[in-house]
Amino acid sequence: MIVDVHTHAPRLKEPVAAEDDVVNALWRPDKAKSIRPSWPDYFDAMTAVDKAIVFNIAWDPREEFVDIGGGQFPAPGVNDVTAELVRAMPEKLYGFLSVHPHASDVMEEIERATQDLGLVGIKLGPNYQNFDPVGPEAFAVYQRAEELGLPMLFHQGTSPVRFADLDFAHPRHMDRIATAFPNLRIVMAHIGHPWQIDCIVVIRKHPNVYADISANFYRPWSYYNAFRLATEWGVLHKLLFGSDFPVATPQETMDALWHVNDITAGTALPQVPIDELEKILHRNSLELLGLEG
């Protein structure tokens, strides 16, 4: 079974006309990507996997709109958008809610999103949401997630969005969170790029902390080094498959796995073991995160 643990829910049910599309060239160094994908785009991309985790990000409650680099989108209602998409493909999708720790109704929204909407985990992006990931408001959210058995996925690493505080998404903060909440299942997105080694030492230390491999393959030197570091530190078994749709598709991400060693051609550089990459692709991430079994 192939599980994509990192996909973003499109807000648009129908494709936009070409003249209304918004393309961003900052997300990937190899190609510009539309930041206005539709449901058909999502469903088509997910044919490559058996299951997928899908989410949105709850923005600062003081903001009516948020600019993510080339287009403004309504900020409220992200959990309803995610839940509606899950209902359209319930046999495949697992929806994660999102909240802003500083929102006055944060605990009520966790209850509504789990009990009324059927969402089964939490996605946070501290840099995009502009909150301190080790602050008291955030710790209250983690405590509630641990109590409810909700796995959490955190954006980790860099971003080209100017308002996104890089330090808030540095992997080192996950060490304090996992120490305080040892039973909380955590996924650190993107292997913490470009701080992959910091991410790797955290997932090595904490039994319930994992990393997903999304948004790495289109920087081939960094990609190769991330997998070599994971090999040397013995944590390849803690890596989960993820794509970061719409920035990349599951098919692109799985195809790239078999080319991780291409950059070493003609050198004496050590190889990443391909058989271990096969295990990443077929790892039962849902079971590891407490969503199955």
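Starting from residues that are modelled with pLDDT under 95 and surrounded by 19 or more Cβ atoms within 10 Å (Cβ to Cβ), keep the ones in region 145-183 and report whichever is farthest from Ala211 (Cα to Cα). The qualifying residue farthest from Ala211 (Cα to Cα) is Ala164.
Consider region 233-260 and keep the residues that are assigned to a helix (DSSP H, G or I) and acidic (Asp, Glu). The one that is nearest to the chain's Cα centre (by Cα) is Glu252. Counting only residues that are within 15 Å of Gln115 (Cα to Cα) and not in a loop (DSSP other than H, G, I, E, B), region 78-101 holds 11 of them. When region 26-53 is filtered for residues that are closer than 16 Å to Thr82 by Cβ and among the polar types (S, T, N, Q), only Ser38 remains.
The single condition among (1) surrounded by fewer than 24 Cβ atoms within 10 Å (Cβ to Cβ); (2) more than 19 Å from Phe168 (Cβ to Cβ) that Phe227 does not satisfy is (1).
For region 118-139, residues that are touching an Asp or Glu at 6+ places or on another chain (Cβ under 7 Å) and either surrounded by fewer than 20 Cβ atoms within 10 Å (Cβ to Cβ) or assigned to a loop (DSSP other than H, G, I, E, B) (or both) total 2. Please work out if Pro250 is crowded, with 24+ Cβ neighbours inside 10 Å and in contact with a helix residue (DSSP H, G or I) (Cβ under 7 Å, 6 or more places away or on another chain). Judged against the criteria, Pro250 is a match.
Consider region 217-232 and keep the residues that are of a type outside the set (A, V, I, L, M, F, W, C) and in a loop (DSSP other than H, G, I, E, B). The one that is nearest to Ala45 (Cα to Cα) is Tyr218.
Sort out which residues of region 11-70 are at pLDDT below 75, surrounded by fewer than 17 Cβ atoms within 10 Å (Cβ to Cβ) and more than 25 Å from Leu97 (Cα to Cα), and write them in order of number. Across region 11-70, the qualifying residues are Ala17, Ala18, Glu19, Asp20, Asp21, Val22, Val23, Ala25, Leu26, Ala32.
Residue count for region 79-108 under the criterion of being touching a residue at least 40 places away in the same chain (Cβ under 8 Å) and either over 30 Å from Thr47 (Cβ atoms) or in contact with a Cys (Cβ under 9 Å, 6 or more places away or on another chain) (or both): the result is 6.
If the condition is being among the hydrophobic types (A, V, I, L, M, F, W, C) and in a loop (DSSP other than H, G, I, E, B), then region 175-197 contributes Phe181, Leu184, Trp195. The residues listed here are Ile263, Ile200; of these, the one that is crowded, with 17+ Cβ neighbours inside 10 Å and assigned to a helix (DSSP H, G or I) is Ile200.
The values are calculated or read from the model by the stated rules, or taken from the named source; none is laboratory data. The shown structure was predicted, so the numbers you read here are calculated from the model rather than taken from an experiment. Because the Cβ atoms are built from the backbone with ideal geometry, glycine has one as well, and the counts that use them run over all protein chains shown.
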